[in-house]
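Written below as structure tokens is the structure these notes are about.
The values are calculated or read from the model by the stated rules, or taken from the named source; none is laboratory data. It should be emphasised that the depicted structure is a prediction, and the values quoted were computed from it without experimental measurement. Cβ coordinates were reconstructed from backbone atoms using ideal geometry, including for glycine residues, and neighbour counts include every protein chain displayed. Surface accessibility is based on the protein's heavy atoms, side chains included, excluding ligands, DNA and RNA. Shrake-Rupley method; radii C 1.70, N 1.55, O 1.52, S 1.80 Å.
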Amino acid sequence: MDEITIPKPDDWHLHLRDGAMLEGVLPFTARHFARAIIMPNLVPPVVTAADARAYRDRIMAALPAELDFTPLMTLYLTETTDRADVAAAHASGLATAVKLYPAGATTNSHSGVRDLGKVMPVLEKMAEIGMPLCIHGEVTDAEVDIFDREAVFIETVLDPLRRRLPELRITLEHVTTSDGVNYVGAAEANLAATITTHHLMINRNAILAGGIKPHYYCLPVAKRETHRLALRRAATSGDPRFFLGTDSAPHVDPLKECACGCAGIFTAINTLSCLAHVFEEEAALGTLEAFASRNGPGWYGLPVNNETVTLRKRPSAVEWPDRIETGDGPVTVFDPMTPVHWEVA
Ligand code: NCD
Ligand code: ZN
């Protein structure tokens, strides 16, 4: 098979940023994706319905006229979030989900949640109205090894939360471990997971072997190879609970290439090519459609896109720019470290 046509994909976890960066990166996503769940970790974060409406307007204003794209907004959960505001944002169709960042877990997460008890009234309301909670699933305790933070989160935070509030629909974002895949796979209801492009392609050697490579650093950090293989099995399984969330997270190069570099990998440009490569390697091109185009809409109760995208395998490797220029500065593009022959037709 050297050509595959699938319904236009959606990206169920995306960072678009704001201002000049938004203008610089949005066209790449809007070319290949019909919709995306937009992460709210701006500075200051997108907390209220009014914040989300204003941010959505800025995204639509930055969208080139020839592209069709729908941003699906999320609200950043804080310990003072107003549950009536959340419910109204959901009822009006403005907000698709709420995002939970444990405070300090990742980029711009300091306004996140320290004490889950404080947000229980909001979560109870969300369970009642069927509004999904997207979770960055890592503990932040300094004593927990960074490679174990996802597994410990599942055991000590996620599982207790699901027992306490089984009706709450939860998307465990960017799973990176076999622990995450197995936990989601064993759940009876109300749990799904996104998987990024880069976690299907790299393991932690990419960051640490042969010199430190900041452009492969993201959170959750890539784990050892056994985990990458578990993610590949989940993504290619066709299981409706697993779907694409690229977590494309642009930072300008000076903020990546320094003594304390930011977490985030920019994959909006080459995600579809990389995914076709991965699914072909796994002899699973037939399930790419489920992962990239069907399972996400199924989970979020939205129609599958009518438009299609064709991926075509060509003799020579596809080339991307090493970096793109934005009004804020250069952003390095994810290098999958292997030739990729699939192009978007
Ligand atoms: C994201 C960012 O830069 O906003 N970074 C990342 O490494 N994925 C935040 C996040 O999703 O954790
Ligand atoms: Zn993210």
### Query
Quick one: in the range 95-104, which of the residues that are touching a helix residue (DSSP H, G or I) at 6+ places or on another chain (Cβ under 8 Å) and farther than 12 Å from Met131 by Cα is surrounded by the most Cβ atoms within 10 Å (Cβ to Cβ)?
Leu100
### Task
State yes or no: is Ala88 crowded, with 23+ Cβ neighbours inside 10 Å and modelled with pLDDT of 95 or more?
no
### Query
So, in the range 113-156, of the ones that are within 21 Å of the chain's Cα centre (by Cα) and part of a loop (DSSP other than H, G, I, E, B), which residue ends up farthest from Ala97 (Cα to Cα)?
Thr140
### Enumeration of residues in the range 157-176 that are within 15 Å of ligand 1 (Cβ to nearest atom) and part of a loop (DSSP other than H, G, I, E, B)
Glu173, His174, Val175, Thr176
### Query
How many of the residues making up the range 228-259 are open to solvent by 20 Å² or more (accessible area, probe 1.4 Å), part of a helix (DSSP H, G or I), touching a residue at least 24 places away in the same chain (Cβ under 8 Å) and within 16 Å of ligand 1 (Cβ to nearest atom)?
1
## Note on the structure
Checked against (1) more than 19 Å from Val25 (Cα to Cα); (2) in contact (Cβ under 8 Å) with a residue 12 or more places away in the chain, Pro303 satisfies every condition except (2)
### Query
What number of residues within the range 134-153 satisfy the criterion of being of a type outside the set (Asp, Glu) and open to solvent by 10 Å² or more (accessible area, probe 1.4 Å)?
9
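Residue-by-condition table, conditions (1) modelled with pLDDT of 95 or more; (2) surrounded by 20 or more Cβ atoms within 10 Å (Cβ to Cβ); (3) of a type in the set (Val, Ile, Thr); (4) more than 12 Å from ligand 1 (Cβ to nearest atom):
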| position | (1), (2), (3), (4) |
| --- | --- |
| Asp11 | yes, yes, no, yes |
| Thr29 | yes, yes, yes, yes |
| Phe33 | yes, yes, no, yes |
| Ala36 | yes, yes, no, yes |
| Pro45 | yes, yes, no, no |
| Ala49 | yes, yes, no, yes |
| Asp57 | yes, no, no, yes |
| Met60 | yes, no, no, yes |
| Leu63 | yes, no, no, yes |
### Subset tally (residues that are surrounded by fewer than 21 Cβ atoms within 10 Å (Cβ to Cβ) and either aromatic (Phe, Trp, Tyr) or under 17 Å from His15 (Cβ atoms) (or both)) for the range 107-123
4
### Task
For the range 290-314, name all the residues that are surrounded by 16 or more Cβ atoms within 10 Å (Cβ to Cβ) and polar (S, T, N, Q).
Ser293, Asn295, Asn305
### Task
Please give the strands (runs of 3 or more DSSP E) falling wholly within the range 1-112 in which 1 or more residues are under 15 Å from the mean Cα position of the chain (by Cα).
11-14, 35-38, 70-76, 95-100
